[in-house]
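Okay, so here's the structure we're looking at.
Bear in mind that the values in this text are calculations on the coordinates, not laboratory data. Keep in mind it's a predicted model, so treat the numbers as computed, not measured. Note that we place each Cβ from the backbone using ideal geometry, even for glycine, and neighbour counts take in every protein chain shown.
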Amino acid sequence: MRRKRLQHGADVLCQMFCGWRLINSYRDLEELGSGTLIIDALSGHSKFNGRLIENLSIAGELQAWLREDLAAHSISLADIKRAQLVAVLAMSDVGPDGRKTADHHMDGKGRPINKGPFNRLRIECKGEIETDEKTYSATYSDLEEWPRGWPD
């Protein structure tokens, strides 16, 4: 078993969740609010606060990446007992003047969005990949902010 590769996989689960691909799940996360999100990266299924929810776009992204990476490095899915991401989400409102990130957002007509309420999402992630021999884990924290209801 390629131990370094599996540790890399645990790292990437966290970094991908907190990366640009999360944009496609902003609306779903806005609707869910604060709580604990668990994504099974082997199946793509998600639970929020212990309840099964519709699959999130980011869950499919994590699943696809993991399967492709394992295949590219000749690691059998059968060797992986569990691969999951746990994200503790803390959602709050913030005005445009109170933002901490420098991200820019455009409306459907390509104009910058500078007004209205913004969502602030603090994320504490833990990624884990488990085999019969060991559990590889990683943690990552992030802060995301975006206009309410974006992208439209």
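Of note:
- Cβ-based exposure ranking for Leu143, Leu13, Leu32, in which fewest neighbours within 10 Å come first: Leu143, Leu32, Leu13
- Cys with no candidate disulfide partner in the chain (beta-carbon separation under 4.7 Å rule): Cys18
- GNM on the chain, alpha-carbon springs under 10 angstrom: the most fluctuating residue among Leu77, Leu42, Leu29 is Leu77.
- Candidate lysines - alpha carbon under 20 Å from Lys47, same-chain residues fewer than 8 apart omitted: Lys81, Lys126
- Helical runs (DSSP H, four residues minimum) scored at -39500 (n - 2.57) apiece and divided by the length of the chain put the mean residue ellipticity at 222 nm at -8000 deg cm²/dmol.
- Spatial separation of Cα centroids for segment 66-106 and segment 14-54, in angstrom: 8
- Taking Lys and Arg as +1 and Asp and Glu as -1, the other residues whose beta-carbon sits under 13 Å from that of Ile58 total -4.
- Charged neighbours of Phe118, selected by a Cβ distance under 13 Å, balance to -1 (K, R count +1; D, E count -1).
- Computed E for Gln7/Ala71 - FRET, C-beta separation, R0 22 angstrom, nearest 0.05: 0.75
- The longest part of the chain holding none of the exposed loop GluC sites (Glu not before Pro), meaning those outside H, G, I, E and B in DSSP with at most 16 other Cβ atoms within 10 Å, is 55-132.
- Per DSSP, loop trypsin sites (Lys or Arg not before Pro) in segment 68-152 with at most 15 further Cβ within 10 Å: Lys81, Arg99, Lys100, Lys109, Lys115, Lys134, Arg148
- Under 14 Å, Cβ to Cβ, from His105 - net charge with Lys/Arg +1 and Asp/Glu -1: +1
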